[in-house]
Structures are given as structure tokens and as C-alpha cells.
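The values are calculated or read from the model by the stated rules, or taken from the named source; none is laboratory data. Model, not experiment: these values are computed from the prediction. Cβ: placed from backbone, ideal geometry, glycine included. Neighbour counts: every protein chain shown.
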């Protein structure tokens, strides 16, 4: 398999249209698959509760194609921009493995249908990128031997085209998201309540886009928010100075980790790592969404799932000095498994300040650590994101 290819011209060989077409395709393959494709995560090492394959995602740059509720009844708008789909499982270099397309906002706008009293419904909007020949031209030819005349209409251009498909789910008391059509990748799913014909809610959108790029944010002990509303007061210690640890010895000790300096609506949380240790027993770790209206108040934070079984090898009992690593790869929002956006919602852009009822409100995903009466120490929490800052 030759992934990087060139067309070689030799003495005595004629130049034909196949050679010229291959020059274009080989160069496009190198640009798409090596320059753009390497920015897209197509596999993940841990898939607890969430599975994916290399060709299963719609990739986007920043807010491109991000869905959000329109002020028009039953309508979802999207931001225009560049999207990409990995269309083959293996790159060959002969044709692009990744197809890219600039989708306008008008192309992505979708009008859904009202629901009846028979139940609520999930609708799935999916995308497929393909090649299609275009710009045909009629040409007359004469056979060099027989002089017979013939006419053909070859295509002078090959374009990347986008097909957008809306798949309605089955109304039910507890509806499920319909399957993605073959060859398509999901853009978003929207939950439509029973007997509904009005505007749709941003909180009911699940944005499937996978943003290009990746980065990490480390939150060290001295930067963690230590909640004392329960009467507890975790202490900061260790010999590492600013890189010491927080020690919790009371059931009322409670710590919140929240990453900062990120564009929460353009990144998805794909992993968590922690350096921690337990002298006795074990602690409780939970993924939650905090808002500026109730920041740091656990009673008002929205729980997105316990990390007890997903934060692997996070704790080690028996030694206060022992530190271990763990990782987490999924959340659960709106009943849908998959990486949450950095603001803790299933649709990051839809629930950004510009689209919220209170424009000064913001949200952020975070992790809570409850010592639970054990003697615990924790040094650092690392947040892994797909997307950009």
C-alpha cells in the first residue's frame, strides 16, 4: 500500500487525462489525510459505555455546523463552516480518505414535524459526504479508422456533495434515537416532547460533532475549589510547594475541580486522569455541570454520572503516599452516552451564553471529590478535550 504517491513521466510515454487526474487526486489525498486527517481522533483507548469507529463521526473545525434552536417553530439552525467525514477505513493515497465540505447555514437548517399525543420523539439529522461528477459537456468524435461519428457527454468536474437526512424516531413515553442511515454520520439529535408544535429547546439537543484538535488542562491541588458549606475544610500539604496535595480526613470535606481558559462550546471532554491516593477506604468522584448562577453549590449542580467504575485505578487503599492514575471517556446527558461538551451539555454551542435565556450565564463541566470520611490525598486532575481552546 503506497499512501504517498506521485505520477512519474518517462521518455516515450504520452501524457493522458488519467495522469492529470491522478496528479490532482494524489495531492488531495496527501492534503486531506495527512494535514487534516491527523487532527481528527478516530479511536479511543477506553470506551466504557460509549463505542465508536473510525468512520462513525462528523468532524468539524470550531463551531462549524453546530446546531442550535431557532426562534421559528420546530426549526433547528446550524452555524455554517467546514465539516469533514472519513469515508474509508484505510488510506490508500489514490483518493482522499477524508472528504471536506463547506456547509452553509441555509443548507443545514432543518424543519422538524410536530408530535402528536401518542408520545415524545427523537429525530436524528445525519450527513453524508460523497463525490459526484458535474459540469457535463457534449463532445463529437470521429473514429480514426472507420470515420464513424459518435457523441459523448463527459463530466468536466468532480465535486464533494453533502446529503442531509432527517430520520424520525418512534413516538413513545421513553423514545429512543433512531439508527444512523448507512454511509451517514450523525450531526445532531433533538428531543421533541409529546403534542409539541412550538419552538424547540437547546437543552434537548445532542450535538454529535467531533471537533478537530485536542488539548489538556491540568488542575492542581492549590487551584481546586474547596467547598466548606458542609463544615469541612480540606488541608493543602505535601513537599511539592504549589504542586502539593489536598488532604481530606472528614466526611464533610468536599472538593470541586473545574478547568478554565477553554472555549467550552467548542471542545468535548474525552478523558480524565487523576493522581490520588487513599490511606483508608475510598472516595466518591462524580462528573457534574456547574453554572455561574450556582457555581460551586453541589445541591444545584447537574449530575452527569458517577465516575466510580469509569475512573479506573483512581484510588489505592493502604498508603497515604501512594498515587495512581485513572481515566474516563464518557458522560451521559439527555439519556445519551458520549463525551459531554466542556460546558457540561449535550450540545455545547446551543447552550453557550449567546443562546441561553440569561446571556450572562455560563456553564462548565467539572468533577466533585467527596472524601466520605476517609483519609485521602489528591494531587492533580487532568482534563482531556477534543477541540480547541
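At a glance:
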{"quantity": "Any pair with Cβ under 8 angstrom, 6 or more apart, that starts in region 168-191 at a residue that is in the same structural domain as residue 336 (by TED's automatic domain parsing) and ends at one that is at pLDDT 95 or above", "calculated": "none"}
{"quantity": "Residue that is surrounded by fewer than 19 Cβ atoms within 10 Å (Cβ to Cβ), over 20 Å from the mean Cα position of the chain (by Cα) and over 20 Å from residue 83 (Cβ atoms), where the choices are 167, 151, 163", "calculated": "151"}
